[in-house]
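This report refers to the structure that appears directly beneath it.
The values are calculated or read from the model by the stated rules, or taken from the named source; none is laboratory data. All values derive from a computational prediction rather than experimental measurement. For neighbour counting, all protein chains shown are included, and Cβ atoms are generated from backbone atoms with ideal geometry for every residue, glycine included. Just the protein is used for accessible areas: all its heavy atoms, side chains included, with ligands, DNA and RNA removed. Shrake-Rupley method; radii C 1.70, N 1.55, O 1.52, S 1.80 Å.
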Amino acid sequence: MKVFNEVKVEQVTSTVEHMEELSELLIQVVEDGASIGFLPPMELADAMDYWEDILTPEVILFVAKRNNRIIGSIQLHLCSKQNGMHRAEIAKLMTHPHYRRNGIGRQLMEKAENRAAREGRTLIVLDTREGDASNNLYTSLGYIQAGKIPGYAKSANGEMSTTIFYYKRIEESI
């Protein structure tokens, strides 16, 4: 596996200045068949609407950049419920199709996990479509399969896909 050493992962606190790149990333991964809540064809206006309101105090957004261009992103959702202040959820891990299989998803996951630990979170959950390459990434990072739900999400071709739920316990950082 080739790793792009020049890839930098950083937190984004406003989507306004990155709207065009984030929207293009979302469109590209949806068009490539990613199961992230949207179906192709995806219009630019829909992508922009999604990014416009995504950041809240409970949502932390990281992007991966190469040559100052966004080529990946991940969201860390911090649970704000009283009985869930120890957990977080990984959402919308995206790597541009031209940059996949180069360790970018792993870099994004590690950045999100480290932030979760700094936030005092000791449990991370996520879900992904059964059969996707992301399953290999998550298990290689120590995520444990908690269960499957058949017919959870519709694919672009109309098929109903099974989703797999994963969890990982992490240590708090000081």
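Quick notes on this structure:
- Helical content alone sets the calculated 222 nm signal of the chain at -7500 deg cm²/dmol, taking -39,500 (n - 2.57) per DSSP H segment of four or more residues and averaging over every residue.
- For the range 43-100, the relative contact order works out to 25 percent when only alpha carbon pairs closer than 8 Å and six or more residues apart are counted.
- For the range 118-128, 3J(HN,Hα) per residue [Karplus equation, 6.51 cos²θ - 1.76 cosθ + 1.60, θ = phi - 60°, Hz, x = Gly/Pro]: 5, 7, x, 8, 10, 9, 10, 10, 6, 9, 7
- Structure note, pairs 92/154; 8/92; 81/148: Cα-Cα distances above 27 angstrom do not occur.
- Largest to smallest accessible area among 23, 80 [probe 1.4 Å]: 80, 23
- Filtered GluC sites (Glu not before Pro), the range 16-72: DSSP coil and at most 16 other beta carbons within 10 Å: 43, 58
- Shape metrics for the range 1-109, restricted to C-alpha atoms - Rg then Dmax, Å: 14.0, 42
- Sparse packing (at most 11 other Cβ atoms within 10 Å of the Cβ) combined with a DSSP loop state is found for the following GluC sites (Glu not before Pro) in the range 125-171: 159, 171.
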